[in-house]
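Participant: After the structure tokens below, expect a handful of questions from me.
The values are calculated or read from the model by the stated rules, or taken from the named source; none is laboratory data. All figures in this text were calculated on a predicted structure; none of them were measured in a lab. Positions of Cβ are backbone-derived with ideal geometry, glycine not excepted, and every protein chain shown enters the neighbour counts. Note: areas computed on protein heavy atoms with side chains; ligands, DNA, RNA excluded. Shrake-Rupley method; radii C 1.70, N 1.55, O 1.52, S 1.80 Å.
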Amino acid sequence: MEKFRKEFPVLRKGIYANTAVYGLLYESLLDWRQEHDLDFLIYGSDMREKSLKVVSDTRSAVANFFNCKRNNVALVNNFSTGLNVLLEGLDQKKKILLIENDYPSLNWGFENRGFDIEYLQMTATIEEQIKDTVENKHIDVLALSLVQWLNGFAIDLNFLKALKNQYPSLIIIADGTQFCGSTTFDFDNSGIDVLGSSAYKWLLAGYGNGFMLFSDQIKDKFSVNNIGFNAADGDLGKMDAVRFAKRFEPGHLSSLNFGSLKFSVEYFERIGMDKISEHNRKLSKYAKGEFQKLGLLSDEVVGRKNHSTIFNIKANAATFQKLIDNDVFCAQRGNGVRLSFHFYNTEADIDTIVKILKTDK
């Protein structure tokens, strides 16, 4: 991974442990974006057909990257917008299962619409709790983040697949914003019905782009009335023939923003998602071991077999400031400091952070 680190100028300023806030811009993507805008500057509307192809190719790239049927991919500006469109078409009588303190844009979407909601606290045995609640509380919809934004808690994907097999009528909606791009993922074989994600974090694609992935069955579970000329591909005769995923794209899409997503997906493929996954798995294991030695992790994280590369360590404002003063990019979240590592991080980065933290002991 060392050769790819050279593409990220921010890494020369310090240790970037803040991908959970914002994924880094890299030099080859910047070059592509500048060339794109230069073409607009020079060619104006003559670039329209090229722009439409960029957006179309982005849909194909996302479909291939996550193994989702192309016609089941919706391109959206961000996860929050996509979810709100989706929930406008969900029967109000459905009973929902959420996790307490999950990402606000996920939980608020249901809470603001007055659904009947059950909540679970995040514990080391969350999967068992989910299964029991689905079975005993007659849950219709399970909605959760695959990786929790506050502490990096990672839901067992094999569990979700088994849960769907056992309860095929259960609708599983997942927020992948803190997950997609951090490891390999096969949507069509996941058991998840809807996966939405903004792409400015772990996919390193910048603001203004994201996607929704849908299973074949889900269009019959929602009544989405969202529509626009772009959804019909600019064809006056297609208003009544807009497919489900295109209803999330009523207006024109930015070829700069979604072309950036396509570029990043292809960049990850050039690196190799298997290599990125393995690198991040090792970073997660190493960081967990080091932070656990210092007694900085919560019991529910310590009690888990697998974890993401996001960690919320027990630390006060003074420790946060010390990290910042030592050129560590991080964020205060909840009652601690959140550190998040991606493929451009190294075990040496973690060692340096540990040394800084030890000075507080």
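Participant: Go through the residues of the range 185-199 one by one and say whether even a single one is more than 30 Å from H138 (Cβ to Cβ), of a type in the set (A, V, I, L, M, F, W, C) and in contact (Cβ under 8 Å) with a residue 12 or more places away in the chain.
Facilitator: Within the range 185-199 (the criterion being more than 30 Å from H138 (Cβ to Cβ), of a type in the set (A, V, I, L, M, F, W, C) and in contact (Cβ under 8 Å) with a residue 12 or more places away in the chain), the answer is yes, since at least one residue qualifies.
Participant: Look at K275 and say whether it is open to solvent by 30 Å² or more (accessible area, probe 1.4 Å), at pLDDT 95 or above and either more than 29 Å from G210 (Cβ to Cβ) or in a strand (DSSP E or B) (or both).
Facilitator: In short, no.
Participant: Look through the range 165-199, keep the residues that are outside any loop (DSSP other than H, G, I, E, B) and acidic (D, E), and return whichever of them is nearest to the chain's Cα centre (by Cα).
Facilitator: D175
Participant: Look at G237 and say whether it is of a type outside the set (K, R) and surrounded by fewer than 22 Cβ atoms within 10 Å (Cβ to Cβ).
Facilitator: Against the criterion (of a type outside the set (K, R) and surrounded by fewer than 22 Cβ atoms within 10 Å (Cβ to Cβ)), G237 qualifies.
Participant: Does the range 303-361 hold any residues that are of a type in the set (K, R) and in contact (Cβ under 8 Å) with a residue 60 or more places away in the chain, and which are they?
Facilitator: From the range 303-361, those of a type in the set (K, R) are 304-305, 314, 322, 333, 338, 355, 358, 361; that's our starting set.
Result: R304, R333, R338, K358, K361.
Participant: Say we look at the range 119-135 and pick out the residues that are surrounded by fewer than 15 Cβ atoms within 10 Å (Cβ to Cβ) and outside any loop (DSSP other than H, G, I, E, B); which of these is nearest to the chain's Cα centre (by Cα)?
Facilitator: So, considering only residues that are surrounded by fewer than 15 Cβ atoms within 10 Å (Cβ to Cβ) and outside any loop (DSSP other than H, G, I, E, B), the one nearest to the chain's Cα centre (by Cα) is Y119.
Participant: Among the residues of the range 222-243, what is the count of those that are of a type outside the set (V, I, T), free of Cβ contacts under 8 Å to residues at least 60 places away in the same chain and part of a loop (DSSP other than H, G, I, E, B)?
Facilitator: Within the range 222-243, residues that are of a type outside the set (V, I, T), free of Cβ contacts under 8 Å to residues at least 60 places away in the same chain and part of a loop (DSSP other than H, G, I, E, B) number 5.
Participant: Just the residues that are assigned to a helix (DSSP H, G or I) and either touching a His at 6+ places or on another chain (Cβ under 7 Å) or open to solvent by less than 10 Å² (accessible area, probe 1.4 Å) (or both), please, taken from the range 309-330. Before the answer, list the steps.
Facilitator: Keep residues of the range 309-330 that are assigned to a helix (DSSP H, G or I), which gives 317-325.
L323 - this is the single residue of the range 309-330 that is assigned to a helix (DSSP H, G or I) and either touching a His at 6+ places or on another chain (Cβ under 7 Å) or open to solvent by less than 10 Å² (accessible area, probe 1.4 Å) (or both).
Participant: Scan (1) closer than 30 Å to G234 by Cβ; (2) assigned to a helix (DSSP H, G or I) for the single condition N107 breaks and write down its number.
Facilitator: Among (1) closer than 30 Å to G234 by Cβ; (2) assigned to a helix (DSSP H, G or I), N107 violates only (1).
Participant: Let me ask you something else. Regarding K219, is this residue more than 30 Å from F8 (Cβ to Cβ), at pLDDT below 95 and not small (G, A, S)?
Facilitator: Answer is yes for this residue.
Participant: Of everything in the range 8-27 that's over 23 Å from N78 (Cα atoms), in contact (Cβ under 8 Å) with a residue 40 or more places away in the chain and open to solvent by 30 Å² or more (accessible area, probe 1.4 Å), which residue is farthest from the chain's Cα centre (by Cα)?
Facilitator: Here the answer is K13.
Participant: Quick check on the range 42-56. Is at least one of its residues at pLDDT below 95 and of a type in the set (F, W, Y)?
Facilitator: For the range 42-56, residues at pLDDT below 95 and of a type in the set (F, W, Y): present.
Participant: Need pairs with beta-carbon distance below 7 Å; first residue farther than 13 Å from K3 by Cα and within the range 266-288, second at pLDDT below 95 and open to solvent by 30 Å² or more (accessible area, probe 1.4 Å); sequence gap 6+ or separate chains.
Facilitator: Between residues of the range 266-288 that are farther than 13 Å from K3 by Cα and residues that are at pLDDT below 95 and open to solvent by 30 Å² or more (accessible area, probe 1.4 Å), the close pairs are H279/M1.
Participant: Could you please let me know if D46 is open to solvent by 60 Å² or more (accessible area, probe 1.4 Å), more than 17 Å from F268 (Cβ to Cβ), in contact (Cβ under 8 Å) with a residue 24 or more places away in the chain and of a type outside the set (F, W, Y)?
Facilitator: The answer is no for D46.
Participant: Continuing with this model, one more query. I'd like the full set of residues that are farther than 12 Å from S182 by Cα and open to solvent by less than 50 Å² (accessible area, probe 1.4 Å), limited to the range 284-296.
Facilitator: A287, K288, G289, E290, F291, L294, G295, L296
Participant: Read through the list (1) open to solvent by less than 40 Å² (accessible area, probe 1.4 Å); (2) assigned to a loop (DSSP other than H, G, I, E, B); (3) out of contact with any Lys or Arg (no Cβ under 9 Å at 6 or more places or on another chain), then give the number of the only condition that L90 fails.
Facilitator: In the conditions (1) open to solvent by less than 40 Å² (accessible area, probe 1.4 Å); (2) assigned to a loop (DSSP other than H, G, I, E, B); (3) out of contact with any Lys or Arg (no Cβ under 9 Å at 6 or more places or on another chain), L90 misses (3) alone.
Participant: Kindly provide the set of residues from the range 93-104 that are open to solvent by less than 50 Å² (accessible area, probe 1.4 Å) and over 21 Å from I218 (Cα atoms), ordered by number. Walk me through how you get there before you give the answer.
Facilitator: So the first thing to find is which residues in the range 93-104 are open to solvent by less than 50 Å² (accessible area, probe 1.4 Å), and the list is 95-99, 102, 104.
I99, D102, P104, listed by residue number.
Participant: State yes or no: is N189 closer than 25 Å to N306 by Cα and out of contact with any strand residue (DSSP E or B) (no Cβ under 8 Å at 6 or more places or on another chain)?
Facilitator: yes
Participant: Additional query: Determine which member of the set R281, R333, R338 is open to solvent by less than 30 Å² (accessible area, probe 1.4 Å) and either at negative phi or of a type in the set (F, W, Y) (or both).
Facilitator: The match here is R338.
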